[in-house]
Amino acid sequence: MTHKQNTSSPSPSALRIGTRYRPRRVQGDFDAIVIGSGIGGLTTAAIMSKAGKRVLVLEQHYTAGGYTHSYARNGYEWDVGVHYIGEMGSRLSTMRQVF
């Protein structure tokens, strides 16, 4: 059996979620403002929203998700996750010891 890929939906790296922040676009009052749409920010915003709170999530990148999304270049796709963590070269590095 062959699997036919659905070419009508965009790949995860092609999705643009939300609207770029501009002060004039923000209307009304919010119970909470979450800075950053990584997994922690989105989880917090979702829980607060389910609890009936009005939540604004601000993200500087064009795609929500922080280290949970991926990007594509020249036909290859990468996760953004762990390769952004620095200070791993030195064995004395606190970050290296944590991991």
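The values are calculated or read from the model by the stated rules, or taken from the named source; none is laboratory data. Values in this document were obtained by computation on a predicted structure and should not be read as measured data. Positions of Cβ are backbone-derived with ideal geometry, glycine not excepted, and every protein chain shown enters the neighbour counts. When the accessible area is computed, the model is the full protein with side chains, heavy atoms only, and any ligands, DNA or RNA have been set aside. Shrake-Rupley method; radii C 1.70, N 1.55, O 1.52, S 1.80 Å.
A few notes on this one:
- Taking all protein chains as they are arranged and a probe of 1.4 Å, the heavy atoms of residue 58 leave approximately 40 Å² accessible to solvent.
- Under 5 Å, built H, 5+ apart or other chain: amide partners of residue 59: 36
- Cβ-based net charge around residue 98, under 14 Å, with every Lys or Arg adding one and every Asp or Glu removing one: +1
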